Amino acid sequence: MKEARKEEQAKGISVKKEQDMPEWYSQVCLKSGLADYGPVKGTMVIRPRGYYIWQKIQDYFNSVIKKHRVENAYFPLFIPKSFFEKEAQHATGFKAEVAWIEQKEDGEKVALRPTSETIMYDSYSKWIRSYRDLPLRINQWCNIVRWEVSDCKLFLRSREFLWQEGHCVYETEKECDKEVLLFLDEYEKLCKELLALPVLKGKKTEKEKFAGAKYTTTIESLMPDGKALQCGTSHNLGQGFAKSFNISFLDKSGDKKLPWQSSWGFSTRLIGATVMTHSDDRGLVLPPKIAPLQIVIIPIFGDEKEKVEKKAKEILAKLKKYEIKLDNREDYTPGFKFNEYELSGVPLRIELGPRDIKNDSVVLVRRDNSEKKSVKIKDIEKEVDKILEDIHNSLYEKAKNYLNSNIKKAKDWKEFMKVIENRQIALVNFCGDSSCEDNIKYDSGGAGSRLIKEDGSGKCFKCGKPAKQLVYFAKSY
């Protein structure tokens, strides 16, 4: 049975990325061993290879938030109904997504958290008394339940997913604004430095802001099927939540004041964005910094098994600072192994046979572009360092070029629809009116605003009213 499953996996991806992207993406996630579908509709299982990526993201970001004096904590999964009712706009925004527990607790309905503002701010109201308690910066890594999801798209959309959410409290609006943008910048850096993922960065329109927020900022990427994907958000929540949850402090003059609050978060959706952006028809392609296995050594024994294996183990020892493996299984051909590790996204393959040993060299094969390079064994550490760095940079530049080349300006509705039909991002002058935005989404078959680039001028491309903003529009996940 085990051998049969391996043989099945080795068949690889059966559809082309450009022909049927949803099926291609699902196969890449499943066959590469990143994830599986859960037994309950709309849920997913994150397998060890996929969870390793999430751990690398956590490790990276925990060091970032520690630098900014943010502390990790954990709050309950269960939220009393009365907590939602304290902030009407927030409750309305999440009404369709909340999963309620049938059994009541102390006569009150209890929900599974769709987000943690309410449960966290109840605690904040007890902890904050004075300006000396501020700023309060807390992050939690947790699971989230959005029950309206029925069709699971692995990593991109599921009923339950993993994320981080930072919730900070400040004395002044100025401090709050500064850190809203600070953490948005950190999200952009994470995407670039760890995931080789380029993003657009800016403020959401009034219609698309987070329920209950003063304003929302976002990072957005463009997937190969022409759909935008929100990869992280950072919000200025204003003072509304503080008022609803009785969070107040005494300032230096002894006067009672309402604080300002921010929240910011990203989820396991980042894994989906990375997979979809970089992977190809042979399977998974991963940036080296998040690859569970960065290098695999595949010996080609010929008639000199002992000699080749000995040299392979020497190379293994030389490169031990990496996540590296020597695959010396004899019951599989080198070709089978090549396909297996290409499918699972190993960034670099080292091939070593009798002829290579005679030349005191190895062959390095890149996963991202299949480039082969013969290098001397004495130079292997230096060459591997350079190649892995270049793989990351090449993946980023390729994705960045795709993003930039698919942003098109449109001055009117006809040009706008042409851009949307070509599965690209339209950059347009927009009036900023929510009713106009509703009409745009309806008339275009689903294209919505992604973020505001800058102030606009002239006329709105849709309604002809004075334009206030230059806005990116696209269809999205």
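Values quoted throughout were computed directly from the atomic coordinates according to the rules given, and no laboratory measurement underlies them. What you are looking at is a predicted structure, and each value in this text was computed from that prediction instead of being measured. Counting neighbours? That spans all protein chains shown, and the Cβs are built from the backbone with ideal geometry, glycine included.
If only the Cβ of Lys and Arg carry +1 and only the Cβ of Asp and Glu carry -1, the dipole of the chain around its Cα centre is close to 580 debye.
Dividing the helix sum by the residues of the chain, where each DSSP H run of 4 or more adds -39500 (n - 2.57), gives a mean residue ellipticity at 222 nm of -11000 deg cm²/dmol. Only Cα pairs under 8 Å and 6+ residues apart enter the sum, and on that basis the relative contact order of segment 2-278 stands at 18 percent. Expressed to the nearest 5 percent, the antiparallel share of DSSP beta bridges inside the chain is 85 percent. A cut-off under 10 angstrom between Cβ atoms defines the neighbours of Gly212, and their net charge, with Lys, Arg +1 and Asp, Glu -1, is 0. Among Gln261, Gln230, Ser116, which residue has its Cα positioned farthest towards the positive end of the charge dipole of segment 2-278, with +1 placed on the Cβ of Lys and Arg, -1 on the Cβ of Asp and Glu, and the dipole taken about the Cα centre? Farthest towards the positive end: Gln230. Full extension of the chain between Leu258 and Lys398 yields a length gain of 45.7 nm, computed as 0.36 nm times the residue separation minus the alpha carbon distance. Modelled this way, with points 7 Å down the Cα-to-C-beta line, the labels at Asn72 and Leu30 are 3.3 nm from one another.
Taking the fewest neighbouring Cβ atoms within 10 Å as the starting point, the ordered list for Ser476, Ser150, Ser279 is Ser150, Ser476, Ser279.
Considering only Val45, Tyr472, Leu156, and ranking their Cα positions along the charge dipole of the chain that arises from unit charges at the beta-carbon of Lys, Arg, Asp and Glu, the one farthest toward the positive end is Tyr472.
Around Lys378, with a cut-off of 12 angstrom between Cβ atoms, what is the net charge of the other residues, counting Lys and Arg +1 and Asp and Glu -1?
Details: positive: Lys318, Lys376, Lys382; negative: Glu314, Asp360, Asp379, Glu381, Glu383.
In short, -2.
Assuming R0 = 35 Å, can you tell me the calculated FRET efficiency for the pair Ser150 and Arg129, based on Cβ-Cβ distance, to the nearest 0.05?
Values: r = 45 Å, r/R0 = 1.28.
It comes to 0.20.
Exposure proxy for Trp100, Trp260, Trp24: other Cβ atoms within 10 Å of each Cβ, ordered fewest to most, give Trp100, Trp24, Trp260. The alpha-carbon of Lys104 sits under 20 angstrom from the alpha-carbons of these lysines, leaving out residues fewer than 8 places away in its chain: Lys81, Lys86, Lys95.
What full-extension length gain, to one decimal in nm, is calculated for Asp443 and Ser248 as 0.36 nm per residue of separation minus the Cα-Cα distance?
Values: separation 195, 0.36 × 195 = 70.20 nm, distance 4.54 nm.
Fully extending the segment from Asp443 to Ser248 adds 65.7 nm.
Loop exposure criterion: GluC sites (Glu not before Pro), DSSP state outside H, G, I, E and B, at most 10 other Cβ atoms within 10 Å. Applied to the chain, the longest stretch between such sites is 19-329. Dipole magnitude for segment 293-386: about 320 debye, using +1 per Lys or Arg Cβ and -1 per Asp or Glu Cβ, origin at the Cα centre. With each label modelled as a point 7 angstrom along the Cα→C-beta vector, the Ile407-Glu108 pair spans 4.6 nm.
Toward the positive end of the charge dipole of segment 10-132, with +1 on the Cβ of Lys and Arg and -1 on the Cβ of Asp and Glu, the farthest Cα among Leu34, Ala96, Ile79 is that of Leu34.
Taking 8 Å as the Cα distance limit and 6 or more residues as the minimum spacing, I'd like the relative contact order of segment 388-429 as a percentage. Intermediate results must be reported in sequence, preceding the final value.
Values: 27 pairs, mean separation 14.6, N = 42.
Relative contact order comes out at 35 percent.
Assuming charge only on the beta carbon of Lys and Arg (+1) and of Asp and Glu (-1), the dipole of segment 47-119 about its Cα centre is about 480 debye to the nearest 20. For segment 2-278, the pair-distance distribution built from all alpha carbon pairs, in bins 10 Å wide starting at 0, is 6, 26, 34, 22, 9, 3, 1, 0 percent.
So, counting K/R as plus one and D/E as minus one, what does the shell of residues with Cβ under 11 Å around Gly446 add up to? List each step's numbers first, then the result.
Working: positive: Lys227, Lys441, Lys475; negative: Asp443.
Counting the neighbours of Gly446, the net charge comes to +2.
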